[in-house]
Ligand SMILES: *Cc1c(COP(=O)(O)O)cnc(C)c1O
């Protein structure tokens, strides 16, 4: 009940400073606040950072996933393989396009889709695999793409959490697959308030994505504005308003410049966590396979079976000490829209992870003393003199 600290330590907090403020003011004063020159500049900078030919900014990763599914040709009746251990938006993006998510269980140590379980989930209706890089750790893309190539399936990445993460020496967003979808929600490392980005190597997909995000309009506002001739646009299919604003893109441009430093900081804080937490027998820190460099968008640990407390007790104990945490990744198949299938029996690792993982505070401006407080409290839980 009583705590030595007055404010609760948050589990995450975006790092937004004066440079972001100045950038937003500039846009406000420019008179162009909707999708325009800042969005175009953010797309170019983002494409260069990840090493993609094309980057298309949208209003969120959820809308990015929806458009990716549409341009991938996902239609009613088509099945898309994805993990259930993910944020619900992963499955929603498939459903918006009329597709059916088919859940594949995860690997116990990486929390990502287990490639050895993919073949068994493929049916004649399977069209694509949506690989999620959970909490910023790249999925086993090589194994997944091997299967997909063999079986004639498309691979799309839900890279919501994976900005700056590296797989086999290349950043996520480079064309490992057909498209990668990123999120700029404040819980992610780079934030624009809300926002998303799709990267692809395919010029045709990129052009279609650009049209669909603004009602399938044949000319962009920017192109029309820049043209010396009167341009009359046409609308050749039913599109969407999934645009990012220039206000958001201006923040994104600043955040993108700061990204390498922000990722270094997170990796450093994560290594401090792991150093001490790996001493505890009842907590399993996150892993980093040799072919991956993760960004530690979240620092998630798992409680073993003989932990002295349950996951929810641990969360409460920490909250009592002024530390807020979150349960680990959710299991989509447990939520009512997705409960229909006989998923529970087929997803034992997903269930285990959803029940026994916890996300500890980790954010750019977290101090060492904040972190030491978290570590001290967790260590106290395992001490025998606990009340
Ligand atoms: C956050 C998240 C999303 C949704 O991103 P939004 O930008 O909030 O729409 C999708 N998938 C995963 C794995 C996420 O973590």
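Can you give me the angle between helix 61-71 and the longest principal axis of the chain, using Cα atoms only, in degrees from 0 to 90, rounded to the nearest 10?
In the chain, helix 61-71 runs at an angle near 50 degrees to the longest axis.
At 222 nm, what helix-only mean residue ellipticity would the chain give, in deg cm²/dmol to the nearest 500, using -39500 (n - 2.57) for each DSSP H run of four or more? Could you put the intermediate results ahead of the total?
Working: 12 runs with 143 residues, N = 387.
Calculated at 222 nm, the ellipticity per residue is -11500 deg cm²/dmol.
Could you give me the percent of Cα pairs per 10 Å distance bin for the stretch 132-199, shortest bin first, beginning at zero and ending with the bin that holds the maximum distance?
Histogramming the stretch 132-199 at 10 Å steps yields 23, 52, 21, 4 percent.
I need 132, 155, 39 ordered by Cβ neighbour count within 10 Å, fewest first. Please report the intermediate quantities before stating the final value.
On the way: 132 25, 155 22, 39 28.
Least crowded to most crowded, the residues run 155, 132, 39.
In a solvent-free Debye calculation with one equal scatterer on each Cα, what is log10 I(q)/I(0) for the stretch 259-380 at q = 0.09, 0.15, 0.23 Å⁻¹, listed in the order of the q values?
Computed log10 I(q)/I(0) values: -0.28, -0.75, -1.38.
Express the Stokes-Einstein translational diffusion coefficient of the stretch 330-374 in µm² s⁻¹, to the nearest whole number, given a Kirkwood radius over alpha-carbon pairs, 4 °C and a viscosity of 1.567 mPa s.
Numbers: Rh = 13.1 Å.
The Stokes-Einstein estimate is 99 µm²/s.
Quantify how much of the Cα-Cα distance distribution of the stretch 1-69 extends past 16 Å, in percent. Could the numbers behind the result be given before it?
Values: 1643 of 2346 pairs.
Tail of the P(r) past 16 Å holds 70 percent of the pairs.
Can you put 312, 78 in order of Cβ neighbours within 10 angstrom, beginning with the fewest? Please report the intermediate quantities before stating the final value.
Details: 312 11, 78 18.
The most exposed by this proxy come first: 312, 78.
Mind putting together the pair-distance distribution for the stretch 285-348? All Cα pairs, 5 Å bins, whole percent per bin, short to long.
Once binned at 5 Å, the Cα pair distances of the stretch 285-348 give 3, 12, 15, 17, 18, 19, 12, 3, 0.
Once Rh for the stretch 18-256 is found with the Kirkwood sum over Cα pairs, what is the Stokes-Einstein diffusion coefficient at 4 °C and 1.567 mPa s, in µm²/s? Working shown, then result.
Values: Rh = 18.1 Å.
The diffusion coefficient I find is 72 µm²/s.
Going by how many other Cβ atoms sit within 10 Å of their own, how do 267, 211, 29 line up, fewest first? All intermediate terms of the calculation are to be shown ahead of the outcome.
On the way: 267 16, 211 20, 29 7.
Fewest to most other Cβ atoms nearby, the residues stand as 29, 267, 211.
Against the longest principal axis of the chain, how steep is helix 37-50, in degrees 0 to 90 to the nearest 10, with axes from Cα atoms?
The two axes meet at around 60 degrees.
Regarding the stretch 1-159, what is the average projected area of its C-alpha convex hull, in nm²?
On the way: hull surface 56.2 nm².
The orientation-averaged projected area of the Cα hull of the stretch 1-159 comes to 14.0 nm².
A short reminder: the numbers here are calculations on the coordinates, not readings from a lab. The model shown is predicted, which means the values in this text are computed figures rather than measured ones. As a convention, Cβ positions derive from the backbone with ideal geometry for all residues, glycine included, and neighbour counts pool all protein chains shown.
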